[in-house]
Every structure is written in structure tokens, then in C-alpha cells.
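Participant: Structure in C-alpha cells, see below.
The values are calculated or read from the model by the stated rules, or taken from the named source; none is laboratory data. Source: prediction; values computed, not measured. Here the Cβ positions follow ideal geometry from the backbone for every residue, glycine too, while neighbour counts run over all protein chains shown. SASA here: full protein model, heavy atoms, side chains in, ligands and nucleic acids out. Shrake-Rupley method; radii C 1.70, N 1.55, O 1.52, S 1.80 Å.
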Amino acid sequence: EHAGPTLIITCGIHGNERAGVLAAKRVLATLERRKTRLKGEIIAISGNLAGMRLGVRYQVRDLNRVWTDARVADVEERAAKGAALDAEDVEQLEMLKEIRGAIARARGSVHLIDCHSTSAQGFPFILFGDTIRQRKFATAIPLPIVMGLEEHLDGVLSAYWSTQGVISMGVEGGQHDDPGTIDNLEA
């Protein structure tokens, strides 16, 4: 109801990473239960529904390596021409629509947190492109920050939306099957 920042939570972009989806559901349920009045908007988008149903990271291509200007233009062009689309193409187009819609509705700054988990045991951490706005956002969250990792990953969702003016970061919550990972991402 009230103008303010927009927070987009993306989760499950890898079909075998369900912790972020469960954490986002918890957050939204808590806000609903508390009847929290928000200034702005919070939305959660699950990225790879087909992969989740199959319990696989992806079917044809990694949905978190396709977020480049060229790849986005290509998938949109192919969709406009009615070309055959694979499962990740469809998911990417749906995510584009939802995120662009949230940006268009925004009545304040737009932030994006891309939630992930890892195959090995580890600690939760944040990664982001080092800009002043993103640094301010990331350092407000009490998690370790791993610098430079995003420079070795091409086509990640958070980096793409950063180039579109969104303040974004990725959060690794812990190991895929560790129940604590859901808690970490929720926190």
C-alpha cells in the first residue's frame, strides 16, 4: 500500500536447491501471520520449477549461467518467432516477465537477493559485484562476504540484474540437504 523499496527474492534457480524456496515461503508466511505493514513490495520467485520437480540442477543448461544481454535477447527473439524452447528457456522468460514487472511497479529502489545452496558442507556467505550501492546492501547483512567469486562466473542472474540498475547479491546458505541451510537463508 505504501511506497518504498522493492525486494525480489529469487530461489530455486537450480532445481536441486530447494532450501531457498522453503526459506522464502517461511519469510512470507511470517510477514502474513504478523500482519506486517510494508513500505514497498516483497516478491519471491522460484526459478527452475521443472528442475525442482525432477530433482535436478537443470535439464538442458544451467539457468544461472544464461543471464547475459546476448542470451536474454536471443531467448526473447526465439520466443517471439515461435521457435521451440527448452525447459530453461521457458523458465528464464517467465522470470524475466516477473522481475521486469516488479521493477516497473517499483516505487523506490529495487533490491534482489538470489538464494542458493551448495553441494558440499560450508558456511553461509554473500557474493556480489562490488559497487557502492551493492556493498552498502550486502554489508547490512551479518554474513561473511566472499569477494571476487562473481568475476569467475559468467551469466549469473544477480550480475545481470545489477547491470539493469537493480541492487543485487547472491547468498549461499549452506549444504543442499542440511536443514540449517533453510534457517540460514530465512535469517
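Participant: Which residues, taken from segment 162-186, are touching a His at 6+ places or on another chain (Cβ under 9 Å) and in a strand (DSSP E or B)?
Facilitator: Residues satisfying the conditions are ILE167, SER168, MET169, GLY170, VAL171, GLU172, GLY173.
Participant: Please tell me if GLY108 is part of a loop (DSSP other than H, G, I, E, B) and touching a strand residue (DSSP E or B) at 6+ places or on another chain (Cβ under 8 Å).
Facilitator: Yes.
Participant: Taking the criterion of being in contact with a helix residue (DSSP H, G or I) (Cβ under 6 Å, 6 or more places away or on another chain), at pLDDT 95 or above, open to solvent by less than 60 Å² (accessible area, probe 1.4 Å) and under 14 Å from ILE9 (Cα atoms), would at least one residue in segment 90-110 satisfy it?
Facilitator: So far as segment 90-110 goes, yes, one or more of its residues are in contact with a helix residue (DSSP H, G or I) (Cβ under 6 Å, 6 or more places away or on another chain), at pLDDT 95 or above, open to solvent by less than 60 Å² (accessible area, probe 1.4 Å) and under 14 Å from ILE9 (Cα atoms).
Participant: Run down GLU98, GLU77, GLU91 and say which single residue is in a helix (DSSP H, G or I), within 18 Å of the chain's Cα centre (by Cα) and more than 27 Å from GLY4 (Cα to Cα).
Facilitator: Exactly one of GLU98, GLU77, GLU91 is in a helix (DSSP H, G or I), within 18 Å of the chain's Cα centre (by Cα) and more than 27 Å from GLY4 (Cα to Cα), namely GLU91.
Participant: Answer yes or no as to whether ILE141 is β-branched (Val, Ile, Thr), closer than 26 Å to ARG100 by Cβ and either assigned to a loop (DSSP other than H, G, I, E, B) or open to solvent by 20 Å² or more (accessible area, probe 1.4 Å) (or both).
Facilitator: yes
Participant: Let me ask something else. Name the residues in segment 111-125 that are surrounded by fewer than 21 Cβ atoms within 10 Å (Cβ to Cβ) and among the aliphatic types (A, V, I, L, M), would you?
Facilitator: Passing the criteria: only ALA120.
Participant: Go through segment 1-21 and count every residue that is of a type in the set (A, V, I, L, M) and surrounded by fewer than 17 Cβ atoms within 10 Å (Cβ to Cβ).
Facilitator: Final tally of qualifying residues: 1.
Participant: Shifting gears a bit: Consider only pairs whose beta carbons are under 8 Å apart and that are at least six residues apart or on different chains; among these, list those whose first residue lies in segment 166-187 and is within 9 Å of ALA23 (Cα to Cα) and whose second residue is among the β-branched types (Val, Ile, Thr) and assigned to a helix (DSSP H, G or I).
Facilitator: Within 8 Å, the pairs are GLU186/VAL27.
Participant: Can you tell me which condition GLY82 does not meet? The list is (1) of a type outside the set (A, V, I, L, M, F, W, C); (2) part of a loop (DSSP other than H, G, I, E, B); (3) modelled with pLDDT under 95, and all the others hold.
Facilitator: That leaves (3) as the condition not met.
Participant: Of these, ILE9, ILE13, ILE103, ILE43, which one is closer than 17 Å to MET169 by Cα, of a type in the set (A, V, I, L, M) and either assigned to a helix (DSSP H, G or I) or without any contact (Cβ under 8 Å) to a residue 24 or more places away in the chain (or both)?
Facilitator: After applying the criteria, what remains is ILE103.
Participant: When you go through LYS81, LYS35, LYS25 one by one, which is the residue that is in contact (Cβ under 8 Å) with a residue 12 or more places away in the chain and surrounded by fewer than 16 Cβ atoms within 10 Å (Cβ to Cβ)?
Facilitator: LYS25
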